[in-house]
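A.B. asks: Take this structure first; my questions come after.
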Amino acid sequence: MHEFSVMSQIVSSVIEEARSRNASKVERVTLELGEFMMLGHAQLKFAFEVLSKDSLLDGAMLDLRTVKGEIECGCGFKGEASPREDSLHQLTSAFECPKCGELAKVTGGRDCIIRDISMVVPDV
Amino acid sequence: MARRLVALSKSFWGEKIILLSPLLRNMHKIVTVDMEKDILSANRDLAEQNKALLEEHGIRSFDFLGAIGSGKTLIIEKLVERLKAKGMRCAAIAGDVSGDDDYRRFVSHKIPAVNVSTGKECHLDAHLIDHALEELPLHELDYLFIENVGNLVCPVDFPLGSHTRVVVISVTEGDDMVRKHPAIFAFSDVIVINKIDLAEAMQVDPGILDRDAMSANPGAKIVMMDARHEKGVDELILALGL
Ligand SMILES: Nc1nc2c(ncn2[C@@H]2O[C@H](COP(=O)(O)OP(=O)(O)O)[C@@H](O)[C@H]2O)c(=O)[nH]1
Ligand SMILES: [Mg+2]
Ligand SMILES: [Zn+2]
Ligand SMILES: [Zn+2]
Ligand SMILES: [Zn+2]
């Protein structure tokens, strides 16, 4: 539901970076979204389109990538969370340790990171 | 027709000029710049600062989540009454999209309270709480209750800096509530199933909510309540470690 406000932060960070490099246009923004984030991809894309209108980002491509969740368990397991197919709670079963079945701590997959930006800059 | 031709030739020339300009004048290149900018880290850092500030003052804080009308305000009111009777000093922050009804209810218990209107936003964030804390007499408090905006999706992404997260659902929301919003339950410490006095009338089996809540978060404490008739208040006090 807050895709718009999150995206407006993203767009202003990108514009700030592009301006500091005298870019005339931003071609592509790569965004990494954690699997456990409550942000809808479709809403993010829509917000990106609307917010980039008439800015350095106008017409830029948004490359959205999902980053797998990570868990850490008391038994020593550390790694990717893999949801069970048969689970009632697709999301929450991801927190079960695949090694011992105990509840594991979520250590990754709750981030929203601008990985990189491609932009047109003067060749000097 | 003539006008259209003029327009066409203009755009033709316009295009040509644009095509030529990089060759005639300075050249451009496309570069990819690493950003690695974490958009939500600012909120997370502020939440940690809020928590540190509260701990400095020996305050324990509770963040209440749940749909509109699930009973968050009433439950906080009941807790405040009990704690005040034990000589504890409480305060509350009321988060709402607009209006100050919850704030007035808190103030009526003669405790310090702050009203935080989020405007168009669908959730409280650590920055709003940071400013609310500036308005509270932190030196004179033992407990702080924060009522989040009635929304079961957003607050998951925005920690506020509270010590314990409580999610309140009521049987009037139907027995598939937990299945529809598993994440909020997975990231909460205590789950309250409220309005069990209405379970029969609503033909909802609280046992189903209990079972789903348990499987969404096996580590959470689950409390059945009828806040209107003060049932389950002691159990909640125990679950919160108050
Ligand atoms: N019957 C019944 N009504 C309740 C219970 N808890 C809250 N209510 C009522 O539900 C309405 C909404 O409660 P409120 O605390 O304002 O919900 P909030 O929006 O989550 O803060 C109010 O009229 C309360 O009196 C309960 O356990 N049983
Ligand atoms: Mg309320
Ligand atoms: Zn939100
Ligand atoms: Zn394990
Ligand atoms: Zn500020």
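The values are calculated or read from the model by the stated rules, or taken from the named source; none is laboratory data. The structure displayed is predicted, hence computed values, not measured ones. Counting neighbours? That spans all protein chains shown, and the Cβs are built from the backbone with ideal geometry, glycine included. What goes into the accessible areas is simple: the full protein's heavy atoms, side chains included, and nothing from ligands, DNA or RNA. Shrake-Rupley method; radii C 1.70, N 1.55, O 1.52, S 1.80 Å.
A.B. asks: State all residues of the stretch B:100-120 that are more than 16 Å from ligand 3 (Cβ to nearest atom) and not in a loop (DSSP other than H, G, I, E, B); if no residue qualifies, say none.
C.D. replies: Passing the criteria: B:101, B:102, B:103, B:104, B:105, B:106, B:107, B:113, B:114, B:115.
A.B. asks: Which residues, counting only those in the stretch A:36-80, are surrounded by fewer than 19 Cβ atoms within 10 Å (Cβ to Cβ), within 19 Å of residue A:112 (Cβ to Cβ) and among the charged types (D, E, K, R)?
C.D. replies: A:45, A:49, A:63, A:65, A:68, A:80 - these are the residues of the stretch A:36-80 that are surrounded by fewer than 19 Cβ atoms within 10 Å (Cβ to Cβ), within 19 Å of residue A:112 (Cβ to Cβ) and among the charged types (D, E, K, R).
A.B. asks: Now for a different question. Please find, within the stretch B:110-135, the residue that is modelled with the lowest pLDDT out of those that are within 14 Å of another protein chain (Cβ to nearest Cβ) and open to solvent by less than 10 Å² (accessible area, probe 1.4 Å).
C.D. replies: Applying the filter and picking the extreme gives B:123.
A.B. asks: In the stretch A:92-124, which residues are outside any loop (DSSP other than H, G, I, E, B) and basic (Lys, Arg)?
C.D. replies: Passing the criteria: A:105, A:115.
Yes or no, residue by residue, for (1) within 16 Å of ligand 4 (Cβ to nearest atom); (2) closer than 23 Å to residue A:37 by Cα; (3) among the hydrophobic types (A, V, I, L, M, F, W, C):
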residue	(1), (2), (3)
B:99	no, no, no
B:102	no, no, no
B:106	no, no, yes
B:110	no, no, no
B:121	no, yes, no
B:126	no, yes, yes
B:129	no, yes, yes
B:148	no, yes, no
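A.B. asks: For residue A:106, are the conditions met, namely being at pLDDT below 95, touching a Phe, Trp or Tyr at 6+ places or on another chain (Cβ under 9 Å) and β-branched (Val, Ile, Thr)?
C.D. replies: yes
A.B. asks: I'm trying to understand the selection: among the residues of the stretch B:25-76, which are assigned to a loop (DSSP other than H, G, I, E, B) and within 16 Å of ligand 2 (Cβ to nearest atom)?
C.D. replies: B:66, B:67, B:68, B:69, B:70, B:71, listed by residue number.
A.B. asks: Looking at the stretch A:5-15, which of its residues are over 14 Å from residue A:41 (Cβ atoms) and not hydroxyl-bearing (Ser, Thr, Tyr)?
C.D. replies: A:9, A:11, A:14, A:15
A.B. asks: Would you confirm whether or not the stretch B:193-212 contains a residue that is within 27 Å of residue A:106 (Cβ to Cβ), assigned to a loop (DSSP other than H, G, I, E, B) and either free of Cβ contacts under 8 Å to residues at least 24 places away in the same chain or of a type outside the set (Ser, Thr, Tyr) (or both)?
C.D. replies: No - not one qualifying residue is present in the stretch B:193-212.
A.B. asks: For the stretch B:136-149, give me the residue count where each residue is open to solvent by less than 30 Å² (accessible area, probe 1.4 Å) and assigned to a loop (DSSP other than H, G, I, E, B).
C.D. replies: Counting residues in the stretch B:136-149 that are open to solvent by less than 30 Å² (accessible area, probe 1.4 Å) and assigned to a loop (DSSP other than H, G, I, E, B) gives 4.
A.B. asks: I'd like the full set of residues that are of a type in the set (Gly, Ala, Ser) and more than 14 Å from chain A (Cβ to nearest Cβ), limited to the stretch B:204-242.
C.D. replies: Scanning the stretch B:204-242 gives B:207, B:227, B:232, B:239, B:241.
A.B. asks: Only one of B:123, B:127 is part of a loop (DSSP other than H, G, I, E, B), within 26 Å of residue B:49 (Cβ to Cβ), in the same structural domain as residue B:217 (by TED's automatic domain parsing) and touching a helix residue (DSSP H, G or I) at 6+ places or on another chain (Cβ under 8 Å). Can you tell me which?
C.D. replies: The unique qualifying residue is B:123.
A.B. asks: Residues of the stretch A:5-31 being closer than 12 Å to residue B:31 by Cβ and not polar (S, T, N, Q), which ones?
C.D. replies: Once the filter is applied, which keeps residues that are closer than 12 Å to residue B:31 by Cβ and not polar (S, T, N, Q), the stretch A:5-31 yields A:17, A:18, A:21, A:23, A:25, A:26, A:27, A:28.
A.B. asks: Filter the stretch B:157-184 for residues that are within 24 Å of residue B:128 (Cβ to Cβ) and without any contact (Cβ under 8 Å) to a residue 60 or more places away in the chain; which is surrounded by the most Cβ atoms within 10 Å (Cβ to Cβ)?
C.D. replies: B:181
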